[in-house]
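Heads up: the structure comes next, in structure tokens.
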């Protein structure tokens, strides 16, 4: 099992919510896809599209995604270090799901 390194733990602690985390990993897993708040809400079984719109805004503002003027977005971190952190998180998340979600809920 992969360890949750101190650097990755620090990164996880900056994430605002589990739905944000799962949206980030969803987009990371399909980097060539264009997403809307509606498609993210559907894929993550969110209770409202409004919640997905907030997540879309956060993903863009935090530099994880590139947004368009019509509200679509695609995975595209602003720097390679951010992409590497998300890639490590995606790998560890499958094995450390409960620990990571507890950190986010923290």
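Values in this text are rule-based calculations from the coordinates and carry no lab data. Everything numeric in this text was worked out from a predicted model, so none of it was measured. A quick note on method: Cβ atoms are made from the backbone with ideal geometry, for glycine too, and the neighbour counts reach across all protein chains shown.
Per-structure values
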{"quantity": "Computed helical MRE - 222 nm, the chain, DSSP H runs ≥ 4 contributing -39500 (n - 2.57), nearest 500", "calculated": "-18000 deg cm²/dmol"}
{"quantity": "Potential extension, residue 87-residue 60 segment - 0.36 nm per residue separation minus Cα distance", "calculated": "8.0 nm"}
{"quantity": "Peptide ranges 22-31, 90-99, 51-60 listed from the most packed, as the mean C-beta count within 10 angstrom indicates", "calculated": "51-60, 22-31, 90-99"}
{"quantity": "Mean separation of Cα contacts under 8 Å (6+ apart) over length of the chain, as relative contact order %", "calculated": "36"}
{"quantity": "Fewest-first sequence of 18, 78, 86 by Cβ atoms within 10 Å of each Cβ", "calculated": "78, 18, 86"}
